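Pasting in a structure now, in structure tokens, and then I'll have a few things to ask.
Please treat every number below as a calculation from the coordinates, not as lab data. Everything quoted here is computed from the prediction, not taken from an experiment. Positions of Cβ are generated from backbone atoms using ideal geometry, with glycine treated the same way; all protein chains shown enter the neighbour counts.
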């Protein structure tokens, strides 16, 4: 208890009007061998009917808020035992996932008692967090503060967070005098980019699915394939996957199994797309699938029907398909002990391709075991990264525009964001497969982790060196910011961009963008093994030479290549042309 008190850096204990007890902790208090990486910060909130944690791995970090709702006291006890570990694991996965954006990884989770009202718990938890980060003098004067600096928290929606919750959270942040209220929560229904409405996470999951299917000899745009999905038509990731599969592949995509909290739908000939899309549009689960729309071999079984729970819980193992998309489900559904249930009688994975739309659906050991048996697994921190990238773009717009100004450009802005999301997904998917060909004995999930580590480590190195950059280098680096942001936003804000976007945020944007550009284009090993100073210097020279390369490319494509440029192009091809062709 004394250690816990000593590790409490900020608390709302002395606020008489608080709705929960909030502690900003030194994360070293919770470090052990199972959690070796030390987060930047950790918050704990205890209130009536719930406990919750927020963990982040960087000072500027982004990640979702989820509500865990156990069915009974037995399940609640199990979830309580692992609550911090779940938040830690999700935030660490988010740190790997956030390699393409300025923010590091973070996550929030609230464990609600079975009889408690989830909405009341969400409001209490959020209000308690705001106690510790608001600038309201009436509150700060009664906050114990050993931290001594302003902190900002950026949340996004996750499991069991509704549009009403999102709107309330933003309104409450504004009422509580939080300095960046519209940036506090992303996926806002109005002046935001709602994840479910636009399917932003699923857009990335689909790109990785397509590239992975091609790697096993299936072109989904030309050939039929079968897929099973956990998560219902009413879910964000699963429902939008059904929509996108129909949009991009039509009847080539045969969705043969869907399981969610309501039950399971199965049809070896493929569930009717139109009926799935009806459920998606109306926000209905798979148990609402019209049996009149089933094929001769199809069935829909509710979880409360005889054998319904077993059929629902085993669908992802039983059905043999070309691909599996976990679009919903609890963490560690496929774990160290039960991974063998995913195998067929001949020892092969029941799906050759797995694109993890749901976080931590498979444990690391389960991924290793299934990869060793031939599964092509795109792990969560890679497959579903586009949701958080979209949130970052939403918050960047919030920093620069009023709600009314954002709404005026929302339509073209969202289209540009969606295109950028697909681009980020394809860049990593192509590198992942290229690295897999070069290292065929290394499982793809491990390569995913290497890619994330390479980008994040390089970005940290670049960021640490930026204080030594010349003014000319800083002006050159602005091109990275302009390339990262959607053109509509840049055009709308003009030069105000450099005044209103916070300086530390811009520096991290530059660091991450330069690091990801280098790794995606040159591979994981390009800067590995270098001393930090050498890596930082090489990255800066890469940025400087990039401008020359682009000028030569433009001259070549325009047909106006000078004699001196012809020799420069020839030298570039001699030095790196073959390497580039291998990566193409």
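Which order do peptides 329-341, 275-287, 89-101 fall in by mean Cβ count within 10 Å, highest first?
The packing order, highest mean first, is 89-101, 275-287, 329-341.
Just need the relative contact order of the chain here, percent rounded to a whole number, with Cα pairs under 8 Å and 6+ apart.
Taking the mean separation of contacting Cα pairs over the length of the chain, I get 12 percent.
Which three extents, in angstrom, do the Cα atoms of the stretch 492-550 have along their principal axes, listed largest first?
Over the stretch 492-550, Cα extents along the principal axes are 40, 26, 17 Å.
Also: Determine the calculated [θ] at 222 nm for the chain from helices alone, applying -39500 (n - 2.57) to every DSSP H run no shorter than 4 residues and normalising by the residue count; nearest 500 deg cm²/dmol.
Result for the chain, helices only: -16500 deg cm²/dmol.
Also: For the stretch 2-185, take the alpha-carbon Rg, divide it by the Kirkwood Rh, and send me Rg/Rh.
Radius of gyration relative to Kirkwood radius: 0.93.
May I ask what percent, to the nearest 5, of DSSP beta bridges between residues of the chain are antiparallel?
About 55 percent, rounded to the nearest 5.
Using Cα centres only, tell me the gap between the stretch 1-78 and the stretch 156-217 in whole Å.
23
Given that compact globular proteins tend to follow 2.2 N^0.38 Å, what is the ratio of the alpha-carbon Rg of the stretch 243-369 to that value?
1.05
Taking all pairs of different Cα atoms in the stretch 239-302, averaging 1/r and flipping that mean, what Kirkwood radius in angstroms comes out?
By the Kirkwood definition, the hydrodynamic radius is 11.5 Å.
Please report 44, 526 as a ranked list, fewest other C-beta atoms within 10 angstrom at the top and most at the bottom.
526, 44
Between residue 46 and residue 135, what length in nm is gained on full extension when 0.36 nm per residue of separation is reduced by their alpha carbon distance?
29.8 nm
Only Cα pairs under 8 Å and at least 6 apart count here; give the relative contact order of the stretch 2-185 as a rounded whole percent.
After rounding, I find 26 percent.
A follow-up question, please. Could you tell me the extents of the chain's C-alpha atoms along the three principal axes, largest first, rounded to whole Å?
Projected onto the principal axes, the Cα atoms of the chain cover 78, 65, 49 Å.
Which three extents, in whole angstrom, do the alpha-carbon atoms of the stretch 128-236 cover along their principal axes, largest first?
65, 28, 22
While we're here: Arrange the following residues from fewest to most other Cβ atoms within 10 Å of their Cβ: 260, 234.
In order of increasing Cβ crowding within 10 Å: 234, 260.
Still on this structure, please answer the following. Between residue 530 and residue 33, what FRET efficiency comes out of the Förster formula 1/(1 + (r/R0)^6) with R0 = 41 Å and r the beta carbon distance, rounded to 0.05?
FRET efficiency, residue 33 to residue 530: 0.85.
Same structure again: Contour minus end-to-end for residue 437 and residue 282, with contour as 0.36 nm per residue of separation and end-to-end as the Cα-Cα distance?
51.5 nm
Output the peptides 459-466, 154-161, 14-21, 252-259 sorted from most to least packed, where packing is the average of other Cβ atoms within 10 Å over each peptide's residues.
In descending order of packing, they fall as 252-259, 154-161, 459-466, 14-21.
Just report the Cα centroid separation between the stretch 388-466 and the stretch 477-513, whole Å.
The stretch 388-466 and the stretch 477-513 have Cα centres spaced 15 Å from each other.
Can you tell me the length gained on complete extension of the stretch residue 297 to residue 555, counting 0.36 nm per residue apart and subtracting the Cα distance?
Full extension of this stretch gives 86.9 nm more.
Let me ask you something else. From the P(r) of the stretch 202-252, could you give the percentage of C-alpha pairs in the tail past 19 Å?
Cα-Cα pairs of the stretch 202-252 separated by over 19 Å account for 20 percent.
Pull up the DSSP beta bridges for the stretch 2-185 and report the antiparallel fraction as a percent, rounded to 5.
Within the stretch 2-185, antiparallel bridges account for around 70 percent of the total.
Of 426, 78, how do they rank once you tally other Cβ atoms within 10 Å and put the fewest first?
Starting with the residue having the fewest Cβ neighbours, the order is 78, 426.
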